[in-house]
Amino acid sequence: MARVVGGAAAWRGRDISDRDDWKIELTGDQREELLYALAAVDRPGIALREIGLADFPLPNLSAVLASVVTELVDGRGFVLLRGVPIAGLTDRQIELMYWGIGLHVGAPIHQQGPEDLLVHIRDAGLDPDDPLVRGFQTSAKLDYHADSSDIVGLLCVRPAKSGGVSTIVSSVAVHDELVRTRPQVADLLHEQWWHDRRSGDGPESFFQCSVYAEHEGRLFAHYGRSYMESASRGAGVPALTREQVAALDALDAVTNSPEFALNMDFTVGDIQLLNNYTVMHARTEYVDHPEPERRRDLIRLWLILRGEFSLPPDFAVGGIVPRAVAFEQR
């Protein structure tokens, strides 16, 4: 039977929206340190995989990033890092700096193919209703979901002309509210559900994983409704039952409540870091500038924690990129 978990990760957006303690503004010295570290790795033809933690030293900022990891794992589960000095840098220099920052948070993993270590979140003009299209490839609204890594980072290179607001919600607070108000729904969400990787039509595109699981004293969440609904396209995968649809409706009603949601308007040089197991994220629909060089561009980085961090078994093998496989190929 599901139980109320509570703790620092069970925050509600209404209670913290006016606070600044989840924002970290880089100092002038810290920005200079990043530019100095970038200069050391900014060489023609260098591949991201060639750059390790020791190649991107941050003598002072590293302590701040270590505290960020603690906050992500044992605190609220999210941080907004502001003032990353990307103005005037080339696209490749921005990627190198972001990669270096990420190394101080965790080990980067691939997101689609083995070489997709950084993914640009841009509107590719694709059909959001196509079951093989990933939501980030469109400008459409994205519902609450969690990614496949321990930590997800989004660096804002350019915001949209309008819209594209990032919204996050505490998976723990949502879970606890359902335990209190809809205990049968909470119990059902702890059972196994089918999910779709949208990697093709073969059996490898489909996996089973609970929406919520408690493991070694921690609560974990893995959710993406559209990927759960499209799973029935797989051979032998049943359609969602009426009871399951009602459970997802109840979950969505809480996640979209103004009481629980926290909105973030990204500005240039912001990095949002989230714990995928305790925070779900969404995005409003956006409208882009007509000029290609001004269009919305976020860079996504998936990270796994370097220390011992045990996951429920189905979480380790689930997701778009199974964590177990990603860990081996990092």
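Only the coordinates and a few stated rules stand behind these numbers; no lab work does. This structure is a prediction, so every number in the text was calculated from the model and none was measured. Note that each Cβ is placed from the backbone with ideal geometry, even for glycine, and that neighbours are counted across all protein chains shown.
Efficiency by 1/(1 + (r/R0)^6): what FRET value for residue 93 and residue 20, r their Cβ-Cβ distance, R0 = 22 Å, to the nearest 0.05?
Working: r = 29 Å, r/R0 = 1.33.
It comes to 0.15.
May I ask which residue of 273, 299, 70 lies farthest towards the positive end of the charge dipole of the range 20-329, with charges of +1 (Lys, Arg) and -1 (Asp, Glu) on Cβ and the Cα centre as origin?
About the Cα centre, the residue reaching furthest to the positive side is 299.
Pick the calculated semi-axes √(5λ) of the Cα gyration tensor in Å for this structure from (i) 31, 22, 20; (ii) 37, 21, 19; (iii) 33, 26, 18?
Recomputing semi-axes √(5λ) of the Cα gyration tensor in Å here picks out (i).
Out of residues 5 or more away from residue 306 or on other chains, whose amide H comes under 5 Å of its own, with H placed 1.01 Å from N in the peptide plane?
Placed amide hydrogens put 107 under 5 Å from residue 306.
Taking 7 Å along the Cα-to-C-beta vector as the label spot, tell me the residue 8-residue 55 distance in nanometres, rounded to one decimal.
Modelled inter-label distance: 3.3 nm.
Spelling out what I want: for every residue of the range 39-53, take phi, set θ = phi - 60°, compute 6.51 cos²θ - 1.76 cosθ + 1.60 (Karplus), and round to whole Hz; glycine and proline get x.
4, 6, 10, 7, 10, x, x, 5, 8, 4, 5, 7, 9, x, 4
Over the chain, what relative contact order in percent results from Cα pairs under 8 Å that are six or more residues apart?
Values: 642 pairs, mean separation 102.5, N = 330.
Relative contact order here is 31 percent.
I'd like the per residue volume of the convex hull spanned by the Cα atoms of the range 1-60, given in cubic angstrom. Walk me through the intermediate numbers first.
Numbers: hull volume 11.9 nm³, N = 60.
Here the figure is 198 Å³ per residue.
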